[in-house]
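Okay, structure first, notes after.
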Amino acid sequence: MAIIKGTVKKKEYYIVIIGCGRLGSRIASLLSSQGHSVVVVDRDEDALQALSYEFSGFTILGEATELDTLKNAKLDKADIALVLSPDDNTNIMIALVAKEYFSTPRVIARAYDPSNLEVFSQFGIEIICPTLLAVESIKEALEIAGDES
Amino acid sequence: MPIVYAVDDEMNVRRLIRQTMESEGYEVDTFATAEEALEAIQTRQPDVVFCDITLPAMDGIEFIKTVNEKAYDFRIIVISSVTSVEAVRSAFRLGICDFITKPFTPQELKDSIEQCLKSEESLQKRSREIRKLVDQKKYHRAAQLTRKLFFDYPESAFPHFLMGLVEKRDHPKTAAKHFRAAIAIDDTLKEAEAELKSLGVE
Amino acid sequence: MKVVMVGGRNIAYHLTRAFLNKGHSVIIVNRDEAFCADMAKKFRATVVHGDGSDRHVIEQLELARDDLFVALTMHDSDNLVSCLLAKQAFAIENTAALVNDPDNKEVFRRMGIHTVVSPTEILATAIEDSMLREEIVNIFPTSDKVAIFRVQITKESPVLGKRIREAEIPEEGVIGAIMRGTDVVIPRGDTMIEEQDVLIVLMNAKAQTRVLERLIGEE
């Protein structure tokens with residue numbers, strides 16, 4: 001079982017995933033198939049239903065912006081929180097709640113807008129910016145093409 | 001090596017419990033229904049059973065009551081998404097060792113089983129010992145152990161029932177009080193009702 | 001001192017009026033173009049059409065440490081982000097935010113937002129109080145140290161007709177002022193407590209029950 005870096009070494013982790021869209025559901029299936037205990041939180045029942053057959057974890061229907069929902073997901077006991085809702089600012093707020101209120105060791109949030117990245121990394125939350133990642137990938141793809149010509 | 005059984009109708013719960021417990025070195029067997037678990041228990045008794053409350057046919061509470069009636073020895077840890085105070089209280093009154101809510105973390109499973117295996121012998125075992133002492137007319141010692149039982153299981157009907165047995169010969173009125181208390185807590189205790197009748201009081 | 005207001009409509013409007021009247025300069029930041037145009041017409045304030053949770057918008061505001069930054073949008077997450085950006089960019093100490101979900105108050109405070117107001121909570125407290133006993137009104141949301149109540153003295157009150165120094169009021173409470181009709185009486189030891197008096201009482205939060213019981217009797 002792959003050990004997740006940056007956390008206390010364990011055999012299985014308790015991971016809370018906020019947001020069950022395309023990204024959330026795929027990561028959820030991947031992590032649960034690796035043997036971790038995964039909880040997925042989403043406000044939309046259909047999104048939770050759409051989780052692939054391979055997903056073998058828990059689901060919670062609720063608003064992740066509400067403390068009660070996060071308490072139900074036992075975020076205080078989580079090793080890792082992945083905050084993947086469609087809205088940047090919501091993700092940042094939930095990530096800060098996870099870090100400051102629930103003291104989750106590792107918190108990763110998705111934010112599409114690169115502007116606010118640096119400001120929030122100082123709070124100890126890791127931000128994944130799909131926009132920047134895409135920029136890097138495209139740069140790489142173009143450079144390779146450039147070299148060949 | 002301690003033997004662990006898990007009873008839950010959800011496959012991923014069984015999988016998670018199996019995984020975590022096996023990595024701790026326990027031998028694990030899982031069941032989707034209470035009936036199958038009871039069958040297996042007859043052939044081989046486990047040391048701890050994790051069980052859910054909502055199950056297909058026989059539910060978790062029935063399962064625990066059946067285990068108590070047959071005076072099995074193992075500890076029971078309930079794992080459930082039902083978290084109402086009533087459900088938790090009624091489970092603890094039946095003498096379970098711990099109650100874990102879903103979703104649960106691997107660490108919660110480990111902590112719980114550690115506590116349960118560590119703590120004193122099950123309610124059932126102690127009850128049996130007390131009854132043996134009563135049969136041997138060792139009332140003083142029986143009363144001592146029963147008093148400790150009250151302390152450890154304040155919400156359970158059993159200490160009352162046992163105290164009734166202890167006091168029956170010399171203090172029938174006190175015994176009747178205890179039997180009545182036991183029935184008040186758990187009205188399915190047929191033995192307590194029978195004892196009360198045999199004392200000639202209602 | 002400049003006052004920045006991000007988001008909100010009616011609240012931003014009325015606050016702008018209030019602050020301008022007090023002589024402060026006001027900067028309004030709002031995503032709604034029509035609202036911005038309207039505010040620009042009505043007030044002598046700087047109006048910025050933009051997203052207050054966007055770092056670039058905030059950074060262009062040129063604020064100073066002692067300016068006041070207020071986030072009033074309907075979304076707690078946007079308010080949190082705006083305030084944190086303002087703190088980061090200009091080291092602003094006095095940030096204020098509207099919080100819709102009362103549970104988030106704690107979170108905002110921990111993140112260093114100076115003033116956090118939850119309208120829901122204020123309303124809930126007010127409504128609860130009105131349902132309790134009419135003689136007591138909780139003036140201040142009780143902190144864990146001090147509680148301030150407005151207490152009406154009725155016929156049943158144990159301290160009616162007594163002088164303050166004879167009234168045996170527990171030492172954890174003190175009567176700050178007495179509203180008698182249209183007058184305000186600052187109480188001394190020999191002040192007599194009369195029916196219909198409204199006492200403003202400060203008390204140690206932990207001793208509330210004792211103090212209130214002495215003033216109005218048991219429930």
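The values are calculated or read from the model by the stated rules, or taken from the named source; none is laboratory data. The structure displayed is predicted, hence computed values, not measured ones. With ideal geometry, Cβ positions are generated from the backbone for all residues, glycine too; neighbour counts draw on all protein chains shown.
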**Asked** A:I108 fails exactly one of the following numbered conditions: (1) part of a helix (DSSP H, G or I); (2) in contact with a strand residue (DSSP E or B) (Cβ under 9 Å, 6 or more places away or on another chain); (3) of a type in the set (V, I, T). What is the number of that condition?
**Response** (1)
**Item:** Qualifying positions in the stretch B:9-24 - outside any helix (DSSP H, G or I) and within 12 Å of another protein chain (Cβ to nearest Cβ)
**Value:** B:E10, B:E24
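Would you call C:T95 within 27 Å of A:A111 (Cα to Cα), buried (at least 21 other Cβ atoms within 10 Å of the Cβ), among the β-branched types (V, I, T) and in contact with a strand residue (DSSP E or B) (Cβ under 7 Å, 6 or more places away or on another chain)?
yes
Conditions tested, residue by residue: (1) at pLDDT 85 or above; (2) surrounded by fewer than 18 Cβ atoms within 10 Å (Cβ to Cβ); (3) away from every other protein chain (no Cβ under 11 Å); (4) in a strand (DSSP E or B).
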residue	(1), (2), (3), (4)
A:L96	yes, no, no, no
A:K99	yes, no, no, no
A:E118	no, yes, no, no
A:I127	yes, no, yes, yes
A:T131	yes, yes, yes, no
A:I138	yes, yes, yes, no
A:L142	yes, yes, yes, no
A:G146	no, yes, yes, no
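Being assigned to a strand (DSSP E or B), among the aliphatic types (A, V, I, L, M) and either farther than 19 Å from B:F104 by Cβ or within 11 Å of another protein chain (Cβ to nearest Cβ) (or both) is the filter here, so list the residues in the stretch A:34-73 that pass it. Give the steps one after another, and end with the answer.
From the stretch A:34-73, those assigned to a strand (DSSP E or B) are A:37-42, A:58-61; that's our starting set.
Checking the rest, the ones that are also among the aliphatic types (A, V, I, L, M) come to A:38-41, A:60-61.
Result: A:V38, A:V39, A:V40, A:V41, A:I60.
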**Request:** Spot the failing condition for C:A89; the list is (1) surrounded by fewer than 22 Cβ atoms within 10 Å (Cβ to Cβ); (2) more than 9 Å from every other protein chain (Cβ to nearest Cβ), and only one is missed.
**Result:** (2)
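Report, by residue number, each residue of the stretch B:154-176 that is of a type outside the set (A, V, I, L, M) and buried (at least 17 other Cβ atoms within 10 Å of the Cβ).
Quick first cut of the stretch B:154-176, residues of a type outside the set (A, V, I, L, M) only: B:154-156, B:158-161, B:164, B:167-174.
Of everything in the stretch B:154-176, those that are of a type outside the set (A, V, I, L, M) and buried (at least 17 other Cβ atoms within 10 Å of the Cβ) turn out to be B:S156, B:F158, B:P159, B:H160, B:F161, B:G164, B:E167, B:K168.
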**Message:** Looking only at the stretch A:74-94, count every residue that is crowded, with 23+ Cβ neighbours inside 10 Å, over 11 Å from the mean Cα position of the chain (by Cα) and more than 10 Å from chain C (Cβ to nearest Cβ) and tell me the total.
**Reply:** 2
**Asked** If you take the residues of the stretch C:55-74 that are at the interface with another protein chain (Cβ under 10 Å from one of its Cβ atoms) and in contact (Cβ under 8 Å) with a residue 12 or more places away in the chain, which of them is farthest from A:N89 (Cα to Cα)?
**Response** C:E59
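Out of B:V48, B:V7, report the one residue that is crowded, with 23+ Cβ neighbours inside 10 Å, modelled with pLDDT of 90 or more and either within 18 Å of the chain's Cα centre (by Cα) or closer than 23 Å to A:S33 by Cβ (or both). Lay out the reasoning, then the answer.
Working: B:V48 fails: crowded, with 23+ Cβ neighbours inside 10 Å.
From the options B:V48, B:V7, the qualifying one is B:V7.
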